[in-house]
Amino acid sequence: MSLDTIQLFPQVASTLQNIYQRGITITVASSKGRDALLLLLNKLNISQYISYTLGEQDVVNKKPAPDMVLMILELTQSTPQKTLVIGDTIYDIAMGRGANCLTCGVTYGYNTKEQLMKQGANHIVDYFGDVLGMCI
């Protein structure tokens, strides 16, 4: 996949900006390598909203293990009760649930609404902007 062909889904940039302006910490935990992820976030012009970026090399156990979320909780000095893990795969949901965090599946990615619900997502959204109501 070329960086030139990747685009954000609708509402992602404006929603991230809104969450960031509320003073809420935004992090990324990805199965991609951190260097490639940083290039991607810069290319998509959203890196300014991201406080921490973790890639597969940052943990021993990759998704669906909760290691990345647990590391983020430590870095941000947050608690699972104050953390929402958003993802488009069952692995994202399993990772968040494994860390005892609330989870939100987005239906426009790799897994279906039914698969995300079966994995135990606390919330399901069709549009990224809908997560704003979950951010307090």
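Here are a few things to note about the model shown:
- Scattering profile of the chain at q = 0.14, 0.21 Å⁻¹ [log10 I(q)/I(0), Debye over alpha-carbon scatterers]: -0.61, -1.55
- A 1.4 Å probe run over the chain, with the rest of the protein chains in place, finds 59 Å² accessible per residue.
- A dipole drawn for the chain from +1 and -1 charges on Cβ atoms has a positive end, and of VAL85, ALA29, LEU41 the residue lying farthest that way is VAL85.
- Think of each Lys and Arg Cβ as +1 and each Asp and Glu Cβ as -1; about the Cα centre, that makes the dipole of region 48-97 roughly 140 debye.
- The distance between label points at GLN48 and LYS113 comes to 3.5 nm (points 7 Å beyond Cα on the Cα→Cβ vector).
- Cα-centre dipole for the chain with unit charges at Cβ (Lys and Arg positive, Asp and Glu negative), debye to 20: 140 debye
- Solvent exposure, largest accessible area first (probe 1.4 Å, DNA, RNA and ligands not counted), of GLU74, GLU114: GLU74, GLU114
- Theoretical gain in end-to-end length, GLN57 to LEU39 [0.36 nm per residue, Cα-Cα removed]: 4.9 nm
- For region 1-49: rounded, prolate or oblate by the Cα gyration tensor [a/c cutoff 1.5]: oblate
- Computed in the context of the full set of protein chains, the accessible area of the chain at 1.4 Å probe radius has 51% of its extent on carbon or sulfur.
- When the residues MET134, MET68, MET117 are ordered by accessible surface, computed with a 1.4 Å probe over the protein chains alone, the sequence from largest down reads MET117, MET134, MET68.
- Rounded to the nearest 10 Å², the accessible area of THR25 at probe 1.4 Å: 80 Å²
The values are calculated or read from the model by the stated rules, or taken from the named source; none is laboratory data. These numbers were taken from a predicted model, which means no experiment stands behind them. Please note: Cβ atoms are built from the backbone with ideal geometry, for glycine as well, and neighbour counts cover all protein chains shown. Note: accessible area is taken over every heavy atom of the protein model, side chains too, but ligands, DNA and RNA are not part of it. Shrake-Rupley method; radii C 1.70, N 1.55, O 1.52, S 1.80 Å.
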